[in-house]
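Quick note: the coordinates plus some simple rules give every number you see, no bench work behind them. Not measured: the values here are computed from a predicted model. FYI the Cβ positions are ideal-geometry reconstructions off the backbone, even for glycines, and counts take in every protein chain you see.
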Amino acid sequence: MPALAALAVAAYGKYVERLGYEPPAMRPEFAAHIARGEVELLPGPEGPDAYLIHFAQADAWVIENLAVAPAAQGRGLGRALLAHGEATGRAAGHVRA
């Protein structure tokens, strides 16, 4: 989990100055999401390259958070994870996001 937290800070940290606060996406409850099986992880050579947090909520499929490590950006990882999250929701019978 420390590696995921570090990835979130690296991915979202550039927005802190612009917003004037840390966006909530920087501090997800990784332990709870992992325990519920809501995290998809793309490993990299030196830690995770990207993660996606997604789950069912009422009648919708929620894609709550997606982060890509700055060194891994521009390779289509975020697009691939988003497509995977959407397909997972549809396969689970959700037609609304």
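Summary table
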item: Choice from TYR51, TYR21, TYR12 showing the highest fluctuation, given a GNM over the chain with Cα pairs closer than 10 Å; result: TYR21
item: Under Karplus coefficients 6.51, -1.76 and 1.60, residue-wise ³J(HN,Hα) of region 37-42 in Hz, glycine/proline x; result: x, 9, 10, 9, 10, 10
item: 15 Å tail of the calculated P(r), region 41-92, as % of Cα pairs; result: 45
item: Hz values of 3J(HN,Hα) by residue in region 5-12 - Karplus curve (6.51, -1.76, 1.60), Gly and Pro given as x; result: 4, 5, 5, 4, 5, 5, 6, 9
item: Given the chain, longest segment not containing exposed loop GluC sites (Glu not before Pro) (DSSP; at most 15 other Cβ within 10 Å); result: 47-97
item: Amide proton proximity set for GLU64, modelled H, under 5 Å, gap of 5+; result: ILE53, HIS54, PHE55
item: Amide H partners (placed H, <5 Å) of ALA50, local residues excluded; result: LEU42, ALA69
item: Length-normalised contact order for the chain - Cα pairs under 8 Å, 6+ apart - percent; result: 24
item: Derived scalar couplings ³J(HN,Hα) [region 58-68; Karplus, 6.51 cos²θ - 1.76 cosθ + 1.60; whole Hz; x for Gly, Pro]; result: 6, 9, 10, 9, 9, 9, 7, 7, 9, 9, 10
item: Mean residue ellipticity (222 nm) of the chain, computed from DSSP H runs ≥ 4 via -39,500 (n - 2.57), nearest 500; result: -10500 deg cm²/dmol
item: GLN73 long-range amide H proximity, modeled H, under 5 Å; result: none
item: Rg/Rg_ref, the chain, where Rg_ref = 2.2 N^0.38 Å and atoms are Cα; result: 1.08
